[in-house]
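Every read-out reported here was derived from the displayed coordinates using simple, explicitly stated rules and does not represent laboratory data. These numbers were taken from a predicted model, which means no experiment stands behind them. Because the Cβ atoms are built from the backbone with ideal geometry, glycine has one as well, and the counts that use them run over all protein chains shown.
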């Protein structure tokens with residue numbers, strides 16, 4: 001038998017090395033993550049019992065079966081470091097490994113929060129100087145998601161000699177935790193939380209981010225949601241499978257907006273291919289809240305396998321029209337009335353690059369719409385949305 005030349009053998013060994021096998025595994029976050037985060041509703045009061053109750057409610061409500069997977073604990077779980085520098089939980093979380101096991105037993109995943117600084121936003125222990133140690137601890141506990149919040153690193157960044165130095169410091173910090181997470185061998189979704197600074201959508205993927213915050217923190221009111229959501233225009237080219245723009249968590253069910261305003265929230269986030277991380281108390285949801293968060297037709301838009309984020313296609317006054325291309329060739333079309341009064345507008349197919357008669361389905365009324373050819377006149381109530389799935 002002839003022997004292969006030495007250089008070919010070398011190439012084969014490189015090709016099948018563990019590092020290369022790892023790089024060929026399916027991308028983490030092939031669709032935007034769905035789940036729940038503790039901060040919007042519970043803030044610092046989150047504890048073991050609350051997290052278990054949310055996991056229970058996610059299953060009982062049907063959210064898990066609808067695609068919601070992550071139970072994410074935000075800031076304020078951290079305790080002190082021991083003499084070896086290992087992070088421990090505080091008294092509200094007596095056994096994080098046991099909690100992870102419980103969440104996993106429900107068919108769900110558990111997420112945590114940290115910061116690349118000495119301290120977190122809430123003043124607890126950050127990961128600066130302990131990146132690999134913390135990543136190993138998370139893996140040992142069974143953590144599946146890490147939200148890494150720039151907050152605590154700002155002190156060091158302000159002391160930098162220039163903006164360029166501060167920017168490099170930030171990127172290096174995210175790279176360091178990326179490498180630490182990868183070294184554990186455990187798939188951990190890596191969410192960069194740095195509020196859109198330095199146009200993170202342009203470099204977030206390069207430092208290992210599976211998602212990155214494009215905005216400041218959302219609040220449970222219409223003005224905040226509109227400001228954050230509709231300022232995502234123009235960012236669609238930076239998102240895709242494994243790397244998503246993140247306009248922050250959902251406020252649906254927290255009580256600060258009307259049902260129609262929460263429908264705008266859910267509709268726009270779905271068109272944006274944004275993470276759907278509920279921020280309410282899942283154990284005390286009204287039927288209206290369930291109807292929004294569990295709308296499978298809207299969820300299907302967010303989770304579409306093409307992974308192409310939508311964008312604004314037309315706006316005039318208080319009316320905005322956003323569109324998203326979907327894997328089956330159809331389009332999601334959101335017509336938003338942001339005014340305090342009723343509005344009437346027309347949807348012209350030629351403006352969307354569509355010719356001929358189309359079929360349309362109203363995803364909030366769950367019914368088919370009369371054929372649209374060549375335009376469709378829509379009457380929208382104040383602060384409301386018409387969300388259509390259009391196909392030919």
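Gain on full extension, evaluated as 0.36 nm per residue between residue 340 and residue 43 minus their Cα-Cα distance, stands at 103.8 nm. With r defined as the distance between the Cβ atoms of residue 84 and residue 164 and R0 fixed at 41 Å, what FRET efficiency is calculated, to the nearest 0.05? In this case the efficiency is close to 0.70.
Between helix 163-184 and the chain there is an angle of about 70 degrees, using the helix long axis and the longest principal axis of the Cα atoms. Using a ≥ b ≥ c from the Cα gyration tensor of the range 29-302 (square roots of the eigenvalues), is it rounded, prolate or oblate, where a/c under 1.5 gives rounded and otherwise the larger of a/b and b/c decides, a/b for prolate? Note, shape of the range 29-302 comes out oblate. Principal axis analysis of the Cα atoms in the range 300-392 yields extents of 36, 26, 24 Å, listed in decreasing size. The protection proxy used here, the mean number of other Cβ atoms lying within 10 Å of each residue, ranks peptides 197-204, 173-180 as follows, highest first: 173-180, 197-204. Centre-to-centre separation between the Cα atoms of the range 229-254 and those of the range 203-223: 7 Å.
Calculated from DSSP H runs of 4 or more alone, at -39500 (n - 2.57) each and per residue, what is the 222 nm mean residue ellipticity of the chain, nearest 500?
Working: 13 runs with 120 residues, N = 392.
Taken over the chain, the calculation gives -8500 deg cm²/dmol.
The distance from the alpha carbon centre of the range 336-392 to that of the range 298-326 is 13 Å, rounded to a whole number.
Each of 127, 384, 105 was scored by other Cβ atoms within 10 Å of its Cβ. Arranged with the fewest first, they read 105, 384, 127. Please identify, among 267, 83, 61, the residue showing maximal mean-square fluctuation in a Gaussian network model of the chain using a 10 angstrom Cα cutoff. Among 267, 83, 61, the largest mean-square fluctuation in the Gaussian network model of the chain belongs to 83. Working from label points 7 Å from Cα in the Cα-to-Cβ sense, the residue 59 to residue 367 distance is 3.8 nm. Measure nothing fancy, just the Cα-based angle from helix 131-141's long axis to the longest principal axis of the chain, in degrees from 0 to 90, nearest 10. The two axes meet at around 70 degrees. For 231, 41, the sequence from fewest to most other C-beta atoms within 10 Å is 231, 41. The long axis of helix 6-15 is offset from the longest Cα principal axis of the chain by roughly 60 degrees.
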